[in-house]
1. List the number of the failed condition for residue 50; all other conditions in (1) at pLDDT 80 or above; (2) assigned to a helix (DSSP H, G or I); (3) more than 30 Å from residue 65 (Cα to Cα) hold.
2. Filter region 11-42 for residues that are among the hydrophobic types (A, V, I, L, M, F, W, C) and in a loop (DSSP other than H, G, I, E, B); which is modelled with the lowest pLDDT?
3. Taking region 53-84 only, how many residues are surrounded by 10 or more Cβ atoms within 10 Å (Cβ to Cβ) and of a type in the set (D, E, K, R)?
Amino acid sequence: MEDYKKRLGGLADKLKKEPPKTPVQEVQSVKQATPKEPEVQFNNRIPKALLKLVKAYGLEHEVSLQDINIQALEFYLKNYNKDK
């Protein structure tokens, strides 16, 4: 028990003698968000099996369903206009 008291007392003395080490924080500027085009809601019905495939693709590639839909529609319209 005496040994414990000595170690505890030594710790208190050490804490009193040494100034506390304050962590230094880095200041980073806030990035300005680029303005987005206004979004609207778009609902459609698709086969259940296709939805499962799209969700699985999104999980595997870490892409949201919204982004998949936008990319697919843009790709379709880009290629559709080439054919006509």
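The values are calculated or read from the model by the stated rules, or taken from the named source; none is laboratory data. Remember, predicted model here, so these are calculated numbers, not experimental data. Note: ideal-geometry Cβ built from the backbone for every residue, glycine included; neighbour counts use all protein chains shown.
1. It is condition (3) that residue 50 fails.
2. In this case the residue turns out to be 33.
3. Summing the residues that are surrounded by 10 or more Cβ atoms within 10 Å (Cβ to Cβ) and of a type in the set (D, E, K, R) in region 53-84 gives 3.
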